[in-house]
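K.L.:
Before anything else, here's the structure in question.
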Amino acid sequence: MKTFFNVQDIGDLKKALEEAKQVKENRFAWKKLGENKTIMLVFFNNSLRTRLSSQKAAQNLGMNTIVLNIGQESWKLETELGVVMDGDKSEHLREAIPVMASYCDIIGVRSFAGLTDREFDYAETILNQFIKYSGKPVISLESATVHPCQAFADLITIEEYKKTARPKVVLTWAPHPKSLPQAVPNSFAEWMNAADVDFVITHPHGYELDPKFAGNARIEYDQMKALEGADFVYAKNWSCPGVTNPEDYGKILSKDMGWTVDAAHMAVTNNAYFMHCLPVRRNMIVSDDVIDAPTSLVIPEAANREISAQVVMKRILEDLE
Ligand code: AN0
Ligand code: CP
């Protein structure tokens, strides 16, 4: 594996899930694989889970890790080509990327969508510059449009907790005070479409995900109807993807608190498990009683981030040799 970006990069999902199980059962079995190898984790944005789980996964594989927080510890980096650099950005990605690459074997990048220029974001301009100018395997640690380490961990969690061969999984939009990227729902939809689940997406009008990720997933605008009989409820806020109205890209179209996942929503499900990638705003996205219930999987889901990251890094390391 050279890049980890889309669901196709991981290949057969059954095999990937089997490998995740093996890694989880004995996470130190490949301690020699990463010997004398270095992964660089580059963060343009905040993180708790991605940073810690990636460091832990790399450590399990015997790798060295360098973490760099852009703008706080490094120079501020210019990301657009062809600009006169007379502002606050001291260095261009064009030089910074090959320099960073010269000190490592694998690069992980977190770079959120700017949410102002749909074309720039959906072309994955920053991640693609890392792929192009580093010459090293690149892992998206949530880039402009995708969060594959999260979606893989979500799939592992669903596999572990499912009670039927083909569970009903519902991705529901929920309100949030800030404008958030579409990366998490995009990847979740992409991965659920590829997995053996009955997948439904529910959101207010205008929040349609890019067809590249939503695929042929069933869309149900009536949230309660969508949740009926669900085995897993996956809540997430996202801003307008600008599919129907490009001028609304990145905007908040609704703050309807009726969409907050609470006990009344969970009551119509098949005693569903609740999932969220975290960080979550309580009583905006989900009520306290739902996230605190024994059916809430948010902690095991976050714990599985170590496993998904380790499978991805393991495969990259195996291909380096
Ligand atoms: C980010 C997002 O919605 O993409 C990160 C989630 C993993 N969330 C926030 O910025 C709150
Ligand atoms: N779920 C997730 O990626 O969390 P962080 O933003 O804390 O890394």
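K.L.:
Which residue, Glu19, Glu73, Glu35, has the most motion in a Gaussian network model of the chain that connects Cα atoms within less than 10 Å?
P.N.:
Comparing Glu19, Glu73, Glu35 in a Gaussian network model of the chain, the most mobile one is Glu73.
K.L.:
If the viscosity is 1.306 mPa s and the temperature 10 °C, what Stokes-Einstein diffusion coefficient in µm²/s follows for region 29-120 when Rh is the Kirkwood radius over Cα pairs?
P.N.:
This corresponds to a translational diffusion coefficient of 108 µm²/s.
K.L.:
Over region 107-186, what percent of the accessible surface lies on carbon and sulfur atoms, probe 1.4 Å?
P.N.:
53
K.L.:
Based on DSSP, what percent of beta bridges with both residues in the chain are antiparallel, to the nearest 5? Working shown, then result.
P.N.:
Numbers: 0 of 36 bridges.
Of the beta bridges lying entirely in the chain, close to 0 percent run antiparallel.
K.L.:
A further question on this structure: Given a 10 angstrom Cα cut-off, can you work out which residue in Val109, Val197, Val311 is the most mobile in a GNM of the chain?
P.N.:
Residue with maximal mean-square fluctuation among Val109, Val197, Val311: Val197.
K.L.:
Additional query: Given only helices, namely DSSP H runs of n ≥ 4 each adding -39500 (n - 2.57), what is the per-residue ellipticity at 222 nm of the chain, to the nearest 500 deg cm²/dmol?
P.N.:
-10500 deg cm²/dmol
K.L.:
Roughly how compact is region 70-113, stated as its Cα Rg over 2.2 N^0.38 Å to two decimals?
P.N.:
1.22
K.L.:
Return the Rg/Rh ratio of region 141-248 with Cα-based radii and a Kirkwood Rh.
P.N.:
0.94
K.L.:
Tell me, what does the Kirkwood hydrodynamic radius of the chain come to in angstroms if you use every pair of distinct C-alpha atoms?
P.N.:
Computed over the chain, the radius equals 20.2 Å.
K.L.:
How high is the relative contact order of region 243-301, in percent, counting Cα pairs under 8 Å that sit 6 or more residues apart?
P.N.:
Normalised by residue count, the contact order of region 243-301 is 37 percent.
K.L.:
Per residue Cα convex hull volume for region 253-321, in cubic angstrom?
P.N.:
In region 253-321, the Cα convex hull volume per residue is 129 Å³.
K.L.:
Oh, and also: With every protein chain kept in place and ligands, DNA and RNA left out, what is the accessible area per residue of region 272-321? Probe 1.4 Å, answer in Å².
P.N.:
Per residue, region 272-321 has an accessible area of 36 Å².
K.L.:
Normalising by the residue count of the chain, find the relative contact order in percent from Cα pairs under 8 Å and 6+ residues apart.
P.N.:
It comes to 20 percent, rounded to a whole number.
K.L.:
If you take every residue apart from Tyr122 with its C-beta less than 12 Å away from the C-beta of Tyr122, what net charge results, scoring Lys and Arg +1 and Asp and Glu -1?
P.N.:
-3
K.L.:
Carbon-plus-sulfur fraction of the accessible area of region 277-321, 1.4 Å probe, in percent?
P.N.:
Values: 960 of 1780 Å².
Whole-percent figure for carbon plus sulfur exposure: 54.
K.L.:
For region 26-38, take each phi angle, set θ = phi - 60°, evaluate the Karplus expression 6.51 cos²θ - 1.76 cosθ + 1.60, and give the result in whole Hz per residue in order, putting x for glycine and proline.
P.N.:
8, 6, 9, 5, 10, 4, 7, 4, x, 4, 6, 10, 10
K.L.:
Can you tell me the dipole magnitude for the chain around its Cα centre, using point charges on the Cβ only (Lys, Arg +1; Asp, Glu -1), in Debye to the nearest 20?
P.N.:
Value, rounded to 20: 740 debye.
K.L.:
Please report how far the C-alpha centroid of region 150-207 lies from that of region 85-148, rounded to the nearest whole angstrom.
P.N.:
Region 150-207 and region 85-148 have Cα centres spaced 25 Å from each other.
K.L.:
Search the structure for amide H atoms under 5 Å from the amide H of Val286, placed 1.01 Å from N in the peptide plane, and list their residues when 5 or more places away or on another chain.
P.N.:
Amide H to amide H, under 5 Å and 5 or more residues apart or across chains, Val286 pairs with Val261.
K.L.:
Can I ask one more? Given a cut-off of under 8 Å on Cα pairs at least six residues apart, what relative contact order in percent is computed for region 1-103?
P.N.:
21
K.L.:
Okay, next question. At 1.4 Å probe size, with every protein chain present, just tell me what the per residue accessible area of region 1-158 comes to in Å².
P.N.:
Accessible area per residue: 46 Å².
The values are calculated or read from the model by the stated rules, or taken from the named source; none is laboratory data. Note that the structure is a prediction, hence the values are computed from the model and not measured. So basically every Cβ, Gly included, is an ideal-geometry build from the backbone, and we count neighbours across all protein chains shown. Note: accessible area is taken over every heavy atom of the protein model, side chains too, but ligands, DNA and RNA are not part of it. Shrake-Rupley method; radii C 1.70, N 1.55, O 1.52, S 1.80 Å.
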